[in-house]
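Below is one structure, written out as structure tokens; comments come after it.
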Amino acid sequence: MSILRNEIKNNLTQLKDEIDQIFAGGRDTVLSEVTVGQVYGGMRGLTALVCNTSFVDPYSGLHIGEYTVEELADRFPEEIFFLLCTGKLPGPDFLSEFRNELNERSGVPQYTWDMLRVLPKDTHPMSMLSLGILSMEQESIFKKNYLKGIAKADYWKYTLEDALNVIAKLPELAAGIYRIRFCDGKLIARDPELDWAANLALMLGLPGSGKEFANLMRLYLVLHCDHEGGNVSAFTSRVVNSALSDLYYAISAGLNGLAGPLHGLANQECLRFILAIKEKCGDDVDENQVKQFVLDTLDAGKVIPGYGHAVLRVTDPRFKEFMNFGKQYCADDACYQIAEKLFHVVPDILKTYKGGKVANPWPNVDAASGSLLYKFGLNQFDFYTVLFGVSRVLGFCAQNILAQGLGQPIIRPKSVTNKWVAEKLMEN
Ligand code: NMX
Ligand code: MLT
């Protein structure tokens, strides 16, 4: 942990210097103007946040530090967490130090399991994940120390403690939710010799899952880790933590946002969509049939899951990485092939749909991942967003650690009424 903590400290020093220079260069410089359309339109395109863990370029996608998705796809999620927090990839000693750290902090409390086991049988796994994290809130190191009195400059250190405690328990918690909700409820013990993703793969206990599935989990947990600061879940988590609600509250809140079908739940919707095509048209469905299915879906007033994005204006590089994995391991799989066919037909349809209103007709991260999980026997779609959540917690943690380290204030933008806007228009 000392390697990580020292490097976060160095990163914070550098970020603070950069901010000092920015402020010296013009604290009052206008970065972005806001239109009436943006105020009523989900603040799309409004530049009003700083997030130093990652950046999404509309045309080249996610960048973490200096790296693109393509450059990070072979890494371990643990290394990505280090990168999110420090701006650089770790040296050779980090992984073993971090594994020891997580081993020491692992172990979901019995009261969390007891609580999860008494929930109604049809509770959504995302509710279970969010509740599972929230149930451990009273363990927060930040909260305990805040009550005793700590210096603002040290908030990030206690936030880091909470982050490590949650990250250590996450694979166990997620896999346990799967076993309780969809299997016989018997939990599988973690293996202290394995990495974070391989442990998750092990504890899910899918019959016949081997190295390839562990590799898919590793890729999955890398690709979903962070997507700058304005996406629903990360922003929610940051807003909650900005009130100094500890990370357990902030993570649970962020996960609640991720559970929406326009955000993280789209991955389960994508597989449902693919299976509906398969059921209607069979395994050998041709592109014309896929096209018709898409048009019928749009005519019914529904969105095409896995397509479109608030920021991206190209095919999501994360989608490309999943498709590359699929080409290698699932090329003959009917669901993977339907995902490919959708990629061939959907963008052209969305380009002209609603008079070209869809800002981005290209696939996002969710369009392919479900078909790969399904191929490996993970056929409970309700569980897919939990995997997204396990990975995205890395981003929530890193964003909040850095924000605390930079002493960022409570987030509280100004809202106005229709009357106020109308009067403003009259003035112009
Ligand atoms: N299928 C049909 N219509 C769409 C789609 C789509 N995939 N994407 C956008 N539109 C519509 C959108 O509903 C809106 O229509 P209206 O004005 O009638 O309400 C219009 O196009 C303009 O929306 P955009 O500005 O293109 O998109 P916005 O930034 O508001 O929303 C998404 C972005 C991602 C919410 C939207 O593209 C969508 O609903 N996609 C499908 C769901 C999805 O894949 N979500 C996952 C996103 C990634 N993630 O994991 O979080
Ligand atoms: C994400 O990964 O959070 C999604 O692509 C949504 C977003 O960035 O708005």
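Quick note: the coordinates plus some simple rules give every number you see, no bench work behind them. Fair warning: this is a prediction, and the values are worked out from it, not measured in the lab. All Cβ positions, glycine included, derive from the backbone under ideal geometry; neighbour counts span all protein chains shown.
What Kirkwood Rh does the stretch 7-50 have if only Cα atoms enter the pairwise 1/r average? Answer in Å.
Every distinct Cα pair counted, the radius reaches 12.7 Å.
Lys/Arg Cβ at +1, Asp/Glu Cβ at -1, dipole of the stretch 50-155 taken about the Cα centre: which of 102, 82, 60 is farthest positive-ward?
My answer, from the dipole projection, is 102.
Kindly write out, for the stretch 189-200 in residue order, the coupling ³J(HN,Hα) from the Karplus curve 6.51 cos²θ - 1.76 cosθ + 1.60 (θ = phi - 60°), rounded to whole Hz, with x marking Gly and Pro.
Along the stretch 189-200, the couplings run 6, 6, 10, x, 7, 8, 6, 4, 6, 5, 5, 4 Hz.
Springs between alpha-carbon pairs under 10 angstrom, Gaussian network model over the chain: which of 221, 298, 271 fluctuates most?
In this elastic network of the chain, the residue with the biggest mean-square fluctuation among 221, 298, 271 is 298.
Once you list every other residue whose beta carbon is under 9 Å from the beta carbon of residue 326, what net charge do they have if Lys and Arg are +1 and Asp and Glu are -1? Please list the in-between numbers first.
Numbers: positive: 327, 375; negative: 333, 340.
Charge balance in the 9 Å sphere: 0.
Could you pull the Cα extents of the stretch 118-256 along its three principal axes, largest to smallest, in whole Å?
Principal axes ranked by extent give 51, 32, 30 Å for the Cα atoms.
How many nm is it between the label spots at residue 421 and residue 115, if each spot is 7 Å from the Cα in line with the beta carbon?
3.9
Towards the positive end of the charge dipole of the chain, with charges on Cβ (+1 Lys, Arg; -1 Asp, Glu), say which of 26, 383, 245 has the farthest Cα.
Looking along the dipole axis, the top candidate is 245.
What does the charge count around residue 103 come to, taking other residues whose C-beta lies under 13 Å from its C-beta (Lys +1, Arg +1, Asp -1, Glu -1)? Write out the running numbers ahead of the final one.
Values: positive: 99, 105, 169, 190; negative: 78, 97, 101, 104, 172, 191, 193, 195.
Net charge in that neighbourhood comes out at -4.
So what does the Cα-only Debye profile of the stretch 267-375 read at q = 0.14, 0.18, 0.22 Å⁻¹, as log10 I(q)/I(0), no solvent term?
The computed values of log10 I(q)/I(0) come out as -0.49, -0.82, -1.24.
Identify which of 220, 248, 59 has the largest mean-square fluctuation in a Gaussian network model of the chain, with springs joining Cα atoms closer than 10 Å.
59
Which ³J(HN,Hα) values, rounded to whole Hz and listed in residue order, are derived for the stretch 68-82 from phi using the Karplus coefficients 6.51, -1.76 and 1.60 in 6.51 cos²θ - 1.76 cosθ + 1.60 with θ = phi - 60°, glycine and proline given as x?
Values per residue, Gly and Pro as x: 8, 4, 4, 6, 10, 4, 8, 7, 8, x, 4, 5, 5, 4, 4 Hz.
Could you tell me the calculated FRET efficiency between residue 60 and residue 20, based on Cβ-Cβ distance and R0 = 25 angstrom, to the nearest 0.05? Let's see the in-between values first.
Details: r = 29 Å, r/R0 = 1.17.
With a Förster radius of 25 Å, E is 0.30.
At 10 °C and 1.306 mPa s, grab the translational diffusion coefficient of the chain from Stokes-Einstein with a Kirkwood Rh over Cα pairs, rounded to a whole number in µm² per second. Walk me through the numbers before you get to the answer.
Details: Rh = 22.7 Å.
Estimated diffusion coefficient is 70 µm²/s.
Report the calculated FRET efficiency for residue 6 and residue 49 (r = Cβ-Cβ distance, R0 = 30 Å), to the nearest 0.05. It would help to have the intermediate numbers written out before the result.
Values: r = 27 Å, r/R0 = 0.92.
With R0 = 30 Å, the Cβ-Cβ based efficiency is 0.65.
So, with +1 on the Cβ of K and R and -1 on the Cβ of D and E, and no other charges, what is the size of the charge dipole of the stretch 267-375 about its Cα centre, to the nearest 20 debye?
On the way: 14 positive and 15 negative charges, 93 e Å.
Its charge dipole is roughly 440 debye.
Can you find, among 131, 326, 6, the residue sitting farthest towards the positive end of the charge dipole of the chain, where Lys and Arg contribute +1 and Asp and Glu -1 at Cβ?
131
Kirkwood hydrodynamic radius, the stretch 7-123, all distinct C-alpha pairs: what's the number in Å? Intermediate results must be reported in sequence, preceding the final value.
Numbers: mean 1/r = 0.0538 Å⁻¹.
Averaging 1/r across every pair of different Cα atoms and inverting gives 18.6 Å.
May I ask you to order 383-396, 407-420, 157-170, 341-354 by the average number of other C-beta atoms within 10 Å around their residues, highest value first?
Working: 383-396: 26.9, 407-420: 9.4, 157-170: 22.5, 341-354: 17.0.
In decreasing order of mean packing, 383-396, 407-420, 157-170, 341-354 become 383-396, 157-170, 341-354, 407-420.
Can you give the charge dipole size of the chain about its Cα centre, rounded to the nearest 20 debye, using +1 on the beta carbon of Lys and Arg and -1 on the beta carbon of Asp and Glu? Intermediate values should be presented prior to the final figure.
Numbers: 43 positive and 51 negative charges, 228 e Å.
Using only the charged Cβ atoms, the result is roughly 1100 debye.
Quick check: pseudo-label points 7 Å beyond the Cα along Cα→Cβ at residue 272 and residue 331, how many nm apart are they?
About 3.3 nm separates the two model spin labels.
Could you tell me the center-to-center distance, by alpha carbons, between the stretch 363-397 and the stretch 100-118 in angstrom?
22
Using a Gaussian network model on the chain with a 10 Å cutoff between Cα atoms, which of 246, 28, 154 fluctuates the most?
Evaluated over the chain, the most mobile residue of the options is 28.
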